[in-house]
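Below: the structure, in structure tokens.
The values are calculated or read from the model by the stated rules, or taken from the named source; none is laboratory data. Everything numeric in this text was worked out from a predicted model, so none of it was measured. Because the Cβ atoms are built from the backbone with ideal geometry, glycine has one as well, and the counts that use them run over all protein chains shown.
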Amino acid sequence: TESLVEIGAFAGYEMYQEYGGCPAGGVVVVVGKVSGKTCIVVANDATVKAGAWFPISGKKNLRAQEIAMENKIPIIYLVDSAGVFLPMQDEIFPDKEHFGRIFRNNAVISQMGITQISAIMGSCVAGGAYLPVMSDEALIVENTGSIFLAGSYLVKAAIGEDVDNETLGGAVTHSEISGVTDYKAKNDKDALDTIKKIIDKLGENPNAGFSRKEIKKPKLDEQELYGMIPTDRTKPYDMHEVLKRLVDDSDITEYKALHGKSIICAYARIDGWSVGIVANQRTMVKTKKGEMRFGGVIYSDSADKAARFIMNCNQKKIPLVFLQDVTGFMVGSKSEHGGIIKDGAKMVSAVANSVVPKFTIILGNSNGAGNYAMCGKAYDPRFIVGWPTAQVAVMGGSQAAKVLMQIEMSKAKKNNVELSEKDKQKLHDDVKAKYAKQTSPYYAASRLWLDSIIDPLETRKWISMGIEMSNNSPIEKKFNLGVIQT
């Protein structure tokens, strides 16, 4: 477990209850070492609806292929699936990001020169049969593996032919007659051993050249991370103290430490890798002019500072790590007059156009445009994970409840209806309860907005494995911001 991370373990959590659920989306996805090389493995879980594909299963498979393409790492498919879950076919079959996209990606991944290996360990039917055949090499396991476009029942119904599944598409058929598969394995272990041997023979590709030096543990006790994030989200804490328990030797070189202090920008090393850290400061900060500023809020000067720091990291080929605990950008006339929109846009542009790998850890709040500026899911982080304290929403539950209550009161006033205090309280409580569920990290992870919910002590491992993985993919694009307001 030290050398692998699991993607999407919470996929499908509390979803599809009317069909009995779909734990982990019926697919297991891990990034780890195979024969010393970083690979991503996608394994159908036949214990979940015979490996049938739910909408979240397709999304998870596409996420795995995205990771393989972004980082140019081999992808291994362990196939045992009954195909599309028919009661939900309209949500998994026809659209751009549905089932068919997987086979399109097979072709693109091959064109990119990324190794794909498939092992047919169980059923592989209908459209799903194209996946192993579009891989570089395909294995099939004797007695359990089968691959065909139509099973024996459908063949009988369609053309009247009587044939059993083994004769139709078993290991002997495809290894000795059709030539569809490249290797016949005696059992699952033999198949896995063969895959390891194939991966072991792969040539080396050029890497991105990210800096790594001797690994040093943080000087301060990492266990203290468990008590860092207050349960009351309105309470402050000093993000510097979190950083000192995450980075090598507890040593950071802070960029513009005395300016734009609601965001901390710092160079450091994590597990030996050079990183540029962009983190929300959650304690109140005081400006040189004596102005007190809220923690977790992005102000004009901090957005401007962060944008410049992100540019520097792209210039220096340093991967970026975002530590999110953000409630959004500062609002009000003073901020608007100061140009908060243009400074925020500058930061968003820098994040969106970055060519170095980005990794996002959500520690606490992840609200509104703050989520975007701090490299939320939409901004292509190589990994995005949350601590159990993470909350993802357009705004906090209390604020949302108050806004919606004002809207309802305005509607009632127009209709000459007066809401009682009891009605107001019920509306407030209902909205807050709904938000509490939807802002949970488990809600986010179930929909793959997060790759995982992690133990805070695994933060270093996820970042390190992410950079090691991304080091397989040289930076080919030039960093260019396009048009920005200054």
Expected single match for touching a helix residue (DSSP H, G or I) at 6+ places or on another chain (Cβ under 9 Å), free of Cβ contacts under 8 Å to residues at least 40 places away in the same chain and either aliphatic (A, V, I, L, M) or not in a strand (DSSP E or B) (or both) among SER349, SER335, SER354 is SER335
Discussion item. Yes or no: region 160-174 includes at least one residue that is assigned to a loop (DSSP other than H, G, I, E, B), free of Cβ contacts under 8 Å to residues at least 60 places away in the same chain, crowded, with 18+ Cβ neighbours inside 10 Å and not hydroxyl-bearing (Ser, Thr, Tyr).
Written reply: yes
Taking region 371-401 and keeping only residues that are in a loop (DSSP other than H, G, I, E, B) and either aliphatic (A, V, I, L, M) or closer than 23 Å to LYS235 by Cβ (or both), one is left with MET374, TRP387, PRO388, THR389, ALA390, VAL394, MET395, GLY396
From the option list ALA433, ALA412, single residue qualifying as surrounded by fewer than 17 Cβ atoms within 10 Å (Cβ to Cβ) and in contact with a Gly (Cβ under 9 Å, 6 or more places away or on another chain) is ALA433
When (1) of a type in the set (A, V, I, L, M, F, W, C); (2) in contact (Cβ under 8 Å) with a residue 12 or more places away in the chain; (3) part of a loop (DSSP other than H, G, I, E, B) are applied to ALA50, the one that fails is (3)
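Can you tell me how many residues within region 449-478 are assigned to a loop (DSSP other than H, G, I, E, B) and touching a Ser or Thr at 6+ places or on another chain (Cβ under 7 Å)?
Looking only at that region, the number is 1.
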Would it be correct to say that VAL5 is part of a strand (DSSP E or B), aliphatic (A, V, I, L, M) and closer than 27 Å to ALA185 by Cα? no
Among the residues of region 218-228, are any without any contact (Cβ under 8 Å) to a residue 40 or more places away in the chain, under 30 Å from LYS317 (Cα atoms), of a type in the set (Lys, Arg) and exposed (fewer than 13 other Cβ atoms within 10 Å of the Cβ)? yes
The residue from THR167, THR173, THR144, THR115 that alone is among the polar types (S, T, N, Q), closer than 24 Å to LEU86 by Cα and out of contact with any Lys or Arg (no Cβ under 7 Å at 6 or more places or on another chain) is THR144
The lone condition THR181 fails out of (1) assigned to a loop (DSSP other than H, G, I, E, B); (2) within 29 Å of the chain's Cα centre (by Cα); (3) touching a residue at least 60 places away in the same chain (Cβ under 8 Å); (4) closer than 21 Å to GLN116 by Cβ is (2)
- Is it the case that some residue within region 453-468 is surrounded by fewer than 18 Cβ atoms within 10 Å (Cβ to Cβ), of a type outside the set (Val, Ile, Thr) and modelled with pLDDT under 95? no
Those residues of region 184-208 which are within 18 Å of ALA43 (Cβ to Cβ) and either in contact (Cβ under 8 Å) with a residue 12 or more places away in the chain or buried (at least 18 other Cβ atoms within 10 Å of the Cβ) (or both) amount to ALA185, ASN187, ASP188, ASP190, ALA191, LEU192, THR194, ILE195, LYS196, ILE198, ILE199
